[in-house]
Amino acid sequence: MLIWCVCLMVKAFVFYDSKYGNTKLAGEKIAEGLGGGGVEVDLGYIKEVNPEHALDYDVMVLGAPNHMGKPSQAMKNFINHLAPLGLTNKKVAVFGTYAGKVRLLERAVRKKERMVQDKLPSTTLISPSLSVRVNGVSGPEVDGELPKCVSFGRVLVAQL
């Protein structure tokens with residue numbers, strides 16, 4: 001008996017904003033986790049990538065440093081540019097890097113989640129989101145944070 005299987009590879013794009021390289025590094029580690037789970041992954045800096053690239057992917061992972069408890073202005077602008085594209089049947093995950101008090105760690109990713117839900121209502125938000133702690137404003141990541149990024153990528157694969 002011959003059984004045919006048409007397997008379509010899931011494609012994900014990790015869009016990031018990064019000032020000191022910490023969010024980029026976190027995005028690379030998330031991409032590593034996604035790729036290790038069999039997902040085809042691309043990575044790009046939002047100031048160098050056309051938002052229309054999102055149309056070619058099943059999953060978007062949006063990452064930005066947190067500024068005063070909010071996503072970076074560049075990420076807010078990027079999400080605003082995604083809004084008119086009519087993204088449907090797409091999944092979105094968010095992550096952010098932060099310095100400061102642990103008790104504030106979820107504030108900016110929650111704001112980014114709400115922004116995605118408001119601006120991209122035809123997408124499905126994958127949760128939980130990820131907050132990555134860095135030492136001071138310029139980093140580097142606190143010990144143990146980068147393995148969390150790889151694990152986050154694997155968790156995303158499980159939800160696809």
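Brief remarks follow.
- Scanning the stretch 91-124 for residues that are outside any helix (DSSP H, G or I) and either within 13 Å of the chain's Cα centre (by Cα) or hydroxyl-bearing (Ser, Thr, Tyr) (or both) returns Lys91, Val92, Ala93, Val94, Phe95, Gly96, Thr97, Tyr98, Ser122, Thr123, Thr124.
- Flag if Ser72 is touching an Asp or Glu at 6+ places or on another chain (Cβ under 6 Å) and either loosely packed, with under 15 Cβ neighbours inside 10 Å or modelled with pLDDT of 90 or more (or both): yes
- Pair list, Cβ < 9 Å and 6+ apart or interchain, from the stretch 83-99 residues that are in contact (Cβ under 8 Å) with a residue 60 or more places away in the chain to residues that are in a strand (DSSP E or B) and surrounded by fewer than 17 Cβ atoms within 10 Å (Cβ to Cβ): Lys91/Thr124; Lys91/Leu125; Ala93/Leu125
- Filtered residue count, the stretch 117-149, keeping only those that are surrounded by 14 or more Cβ atoms within 10 Å (Cβ to Cβ), in contact with a Leu (Cβ under 9 Å, 6 or more places away or on another chain) and more than 16 Å from Pro65 (Cα to Cα): 5
- Residues in the stretch 47-62 that are surrounded by 18 or more Cβ atoms within 10 Å (Cβ to Cβ) and either in contact with an Asp or Glu (Cβ under 6 Å, 6 or more places away or on another chain) or in contact (Cβ under 8 Å) with a residue 60 or more places away in the chain (or both): Val59, Met60, Val61.
- Within the stretch 35-46, being in a loop (DSSP other than H, G, I, E, B) and modelled with pLDDT under 95 holds for Gly37, Gly38, Val39.
- Looking only at the stretch 74-88, and only at residues there that are in a helix (DSSP H, G or I) and hydrophobic (A, V, I, L, M, F, W, C), the one that is farthest from Asp17 (Cα to Cα): Leu85
- Among the residues of the stretch 15-39, the ones that are among the small types (Gly, Ala, Ser) and buried (at least 23 other Cβ atoms within 10 Å of the Cβ) come to 2 in all.
- Pairs with Cβ under 9 Å, 6+ apart, first in the stretch 35-46 and under 12 Å from Ala158 (Cα atoms), second of a type in the set (D, E, K, R) and outside any strand (DSSP E or B): Gly36/Arg154; Gly37/Arg154; Val39/Asp58
The values are calculated or read from the model by the stated rules, or taken from the named source; none is laboratory data. Because the structure is a prediction, the values reported are computed rather than measured. Methodologically, a virtual Cβ is constructed for each residue, glycine included, from the backbone with ideal geometry; neighbour enumeration extends over all protein chains shown.
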